[in-house]
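Working notes for the structure below.
The values are calculated or read from the model by the stated rules, or taken from the named source; none is laboratory data. Worth saying up front: this structure is predicted, and the values here are computed from it rather than measured. Note that we place each Cβ from the backbone using ideal geometry, even for glycine, and neighbour counts take in every protein chain shown.
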Amino acid sequence: MKITELETPALLIDLDIMERNLNSMAAYTKAHGLRLRPHTKTHKTPALARRQMELGAVGITVAKVGEAEVMVSSSPNELLVAYPVIGGKKLHRLMDVAKHTNLTVSLDSVEAAQGLSDAAAGAGVTVGVLVEIDAGMGRVGVTPGPQVIALAKAIDRMPNLEFRGIAFYPGHIKLMDDAGHAALARVDDLLSSVISDLKTAGFAVPIVSGGSTPTMHHLHEVPHMNEARPGTYIFNDRNTIASGACKLEDCAASILLTVVSTAVPGQMIIDGGSKTFSSDGVGGGATGFGHLVEAPEAVFEKMNEEHGYVKLKGVSKGFKIGDRVRMIPNHVCVAVNLHERIYGVRGDEVEETWKVEARGKLQ
Ligand SMILES: Cc1ncc(COP(=O)(O)O)c(C=O)c1O
């Protein structure tokens, strides 16, 4: 099928770019002796998880139990739920997943560990646990110090749990400038002291899991970690560009749209708004809700649910009703979650169509 035959809005993935992104991350992590366990919240598609594993990823990461239930169909050897799972029903469902893969959960409380232990004992399975450390983001994670040892000891005493190490997410580091490098060095110092305290307390720390797309080329500056968990890198987006971690030509995802109105002078309306893109902003001095490939000077200024307002002031290219344009989204992970299908394209051809099987799996 040709791209021209697709109905809009349609989420396109340039396969050449995606494959380059996957290959370069696989090569980087291999060169630096890092296990790669990519976060699949970006693509939510088992076929793409398979591709990551075929390229050497040791397994995959998810945030939600619903995602785990879908992504387990990609047959991962190891599956990490990088999110505390709270609540009996969710834990019960997660134990079904544990029967099909080597499951690990990262968590930061005795309550979360106790629930997991009870569920695992009830199901007769063993579940791995990573203690989540707050490495500076202030979201989840135990503050480094004696609390980490206390939680590791509690986990160690609980039936059907196996302490497997620590996890962190450096989401506070958005730009690898001097301050970013210094922040990454501080993360490594924190990890070093936590690992040393754990070892003194008698724990082996086989897994130190972390990383993000903005820091993806600099993970070797954190020698105490041994597992990388980037997600967005598979497609990249305007915020990855803003972070300096990729260039425009590394963005694999764009949304194909149709110009549906030019009634207001100096403006065109495209057939995608907040139900197509998400309302995420963009950093790094960029503006608008996306990058218009055909006219980068245009500003995608405003969105209603199904209307995108593109200001054409100073844009030399003319647009007419029925024209098709492509927009690179600010935050691709949220955009993917809004689409039923992803179209893998090469040149003018639609080579593959994937159902976004884990879209909307928030529970
Ligand atoms: C816990 C955790 N790990 C890994 C990632 C992947 O980060 P990125 O999308 O920057 O690659 C995220 C992203 O939100 C996350 O929350």
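The set of residues from the stretch 38-62 being touching a residue at least 40 places away in the same chain (Cβ under 8 Å) and of a type in the set (Lys, Arg) comprises Lys41, Lys44.
The criterion of being in contact with a Pro (Cβ under 6 Å, 6 or more places away or on another chain) and not hydrophobic (A, V, I, L, M, F, W, C) holds for Ser73. Consider the stretch 275-289 and keep the residues that are buried (at least 17 other Cβ atoms within 10 Å of the Cβ) and of a type in the set (S, T, N, Q). The one that is modelled with the highest pLDDT is Thr276.
From the list Gly360, Gly290, Gly284, Gly308, exactly one residue is within 18 Å of the chain's Cα centre (by Cα) and of a type outside the set (Phe, Trp, Tyr). Which is it? Lay out the reasoning, then the answer.
Numbers: Gly290 fails: within 18 Å of the chain's Cα centre (by Cα); Gly284 fails: within 18 Å of the chain's Cα centre (by Cα); Gly308 fails: within 18 Å of the chain's Cα centre (by Cα).
None of the other options fit; the residue is Gly360.
Annotation note: Cβ proximity below 6 Å between a residue of the stretch 333-344 that is assigned to a helix (DSSP H, G or I) and a residue that is small (Gly, Ala, Ser) (sequence gap 6+ or interchain) occurs for Val334/Ser278; Ala335/Ser278. Among the residues of the stretch 50-89, those that are out of contact with any Leu (no Cβ under 8 Å at 6 or more places or on another chain), farther than 19 Å from Ala167 by Cβ, at pLDDT 95 or above and of a type outside the set (Ser, Thr, Tyr) comprise Arg50, Met53, Glu54, Glu69, Val70, Gly87, Lys89. Every test in (1) within 13 Å of the ligand (Cβ to nearest atom); (2) out of contact with any helix residue (DSSP H, G or I) (no Cβ under 7 Å at 6 or more places or on another chain); (3) outside any strand (DSSP E or B) is passed by Lys174 save one, and that test is (2).
The set of residues in the stretch 347-363 being touching an Asp or Glu at 6+ places or on another chain (Cβ under 8 Å) and either surrounded by 16 or more Cβ atoms within 10 Å (Cβ to Cβ) or polar (S, T, N, Q) (or both) consists of Val350, Val356, Ala358, Arg359, Lys361. Checking each residue in the stretch 7-27 for being farther than 14 Å from Gly347 by Cα, in a strand (DSSP E or B) and under 18 Å from the mean Cα position of the chain (by Cα) picks out only Leu11.
From the list Asp189, Asp197, pick out the single residue that is in contact with a Pro (Cβ under 9 Å, 6 or more places away or on another chain), away from the ligand (no atom under 16 Å from the Cβ), at pLDDT 95 or above and outside any loop (DSSP other than H, G, I, E, B).
Numbers: Asp189 fails: in contact with a Pro (Cβ under 9 Å, 6 or more places away or on another chain).
After ruling out the rest, the residue left standing is Asp197.
Of the residues that make up the stretch 32-46, is at least one more than 14 Å from the ligand (Cβ to nearest atom) and charged (D, E, K, R)? No, the conditions are met nowhere in the stretch 32-46.
Quick one: would you say Ala183 is within 16 Å of the ligand (Cβ to nearest atom) and surrounded by 23 or more Cβ atoms within 10 Å (Cβ to Cβ)? Outline the logic, then answer.
Working: within 16 Å of the ligand (Cβ to nearest atom): yes; surrounded by 23 or more Cβ atoms within 10 Å (Cβ to Cβ): no.
For Ala183, the condition - within 16 Å of the ligand (Cβ to nearest atom) and surrounded by 23 or more Cβ atoms within 10 Å (Cβ to Cβ) - is not met.
Answer yes or no: is there a residue in the stretch 260-272 that is under 22 Å from the mean Cα position of the chain (by Cα) and either part of a helix (DSSP H, G or I) or surrounded by fewer than 21 Cβ atoms within 10 Å (Cβ to Cβ) (or both). Within the stretch 260-272 (the criterion being under 22 Å from the mean Cα position of the chain (by Cα) and either part of a helix (DSSP H, G or I) or surrounded by fewer than 21 Cβ atoms within 10 Å (Cβ to Cβ) (or both)), the answer is no, since none of the residues qualifies. Just checking, which of Val85, Val125 is within 21 Å of Ile207 (Cα to Cα), out of contact with any strand residue (DSSP E or B) (no Cβ under 7 Å at 6 or more places or on another chain) and part of a loop (DSSP other than H, G, I, E, B)? Sole residue among the options that is within 21 Å of Ile207 (Cα to Cα), out of contact with any strand residue (DSSP E or B) (no Cβ under 7 Å at 6 or more places or on another chain) and part of a loop (DSSP other than H, G, I, E, B): Val125.
Can you tell which of Pro214, Pro223, Pro206 is within 14 Å of the ligand (Cβ to nearest atom), more than 30 Å from Glu306 (Cβ to Cβ) and of a type outside the set (Gly, Ala, Ser)?
Numbers: Pro223 fails: within 14 Å of the ligand (Cβ to nearest atom); Pro206 fails: within 14 Å of the ligand (Cβ to nearest atom).
None of the other options fit; the residue is Pro214.
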